[in-house]
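Have a look at this one.
The values are calculated or read from the model by the stated rules, or taken from the named source; none is laboratory data. Treat the numbers as computed from the prediction; the structure is a model and nothing was measured. Note that each Cβ is placed from the backbone with ideal geometry, even for glycine, and that neighbours are counted across all protein chains shown.
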């Protein structure tokens, strides 16, 4: 049941954000065909990468629809910790519902995935960074794998305007988790 409801909630989230907060053409689906991706105006290489990578398209759209992509075009570089589409589908139903209905909640969650500056050396573990939302981001390692606040880093790409680490989970503020 959970796996059937969450994709609907994510699709509704994208739909509501598109209708309410974007002048772009309304789209009801979470996965956007490649030709439609070209229509989305993105300010940075980081944003374009999120939309072009089939594993991060949902987060890319959310960054654009909340306006966080505009933040990324200013005073960078930035480090992004981007959940895969699959991990976003696993967000608990109550949290996804709050993000659908409250733009401020969505922005807080998304800003937790962005750090001002480039984090290039993951071998210096147990170091903390502040997200754009002020949440502490801690990088740890275990058996040659690296984690960000407990979420495993599964890929990394460097760009002129920053670095993207793809992670297998989300970084949620405690107040959002508690409700």
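Please enumerate the residues belonging to region 74-93 that are out of contact with any helix residue (DSSP H, G or I) (no Cβ under 9 Å at 6 or more places or on another chain) and in a helix (DSSP H, G or I).
Matches in region 74-93: 86, 87.
Kindly indicate which of 71, 56, 44 is in contact with a helix residue (DSSP H, G or I) (Cβ under 6 Å, 6 or more places away or on another chain), at pLDDT below 85 and crowded, with 16+ Cβ neighbours inside 10 Å.
44
Could you list, in sequence order, the residues of region 142-160 that are in contact with a strand residue (DSSP E or B) (Cβ under 7 Å, 6 or more places away or on another chain) and either surrounded by 14 or more Cβ atoms within 10 Å (Cβ to Cβ) or closer than 15 Å to residue 84 by Cβ (or both)?
Of everything in region 142-160, those that are in contact with a strand residue (DSSP E or B) (Cβ under 7 Å, 6 or more places away or on another chain) and either surrounded by 14 or more Cβ atoms within 10 Å (Cβ to Cβ) or closer than 15 Å to residue 84 by Cβ (or both) turn out to be 146, 147, 148, 149, 151, 152, 153, 154, 155, 156, 157.
Also, I was wondering about something else. Does residue 165 satisfy the criteria of being touching a helix residue (DSSP H, G or I) at 6+ places or on another chain (Cβ under 6 Å) and closer than 19 Å to residue 51 by Cβ?
No: the conditions fail for residue 165.
Related question: Answer yes if at least one residue in region 121-140 is within 18 Å of residue 66 (Cα to Cα) and in contact (Cβ under 8 Å) with a residue 60 or more places away in the chain, and no otherwise.
Yes, region 121-140 contains at least one residue that is within 18 Å of residue 66 (Cα to Cα) and in contact (Cβ under 8 Å) with a residue 60 or more places away in the chain.
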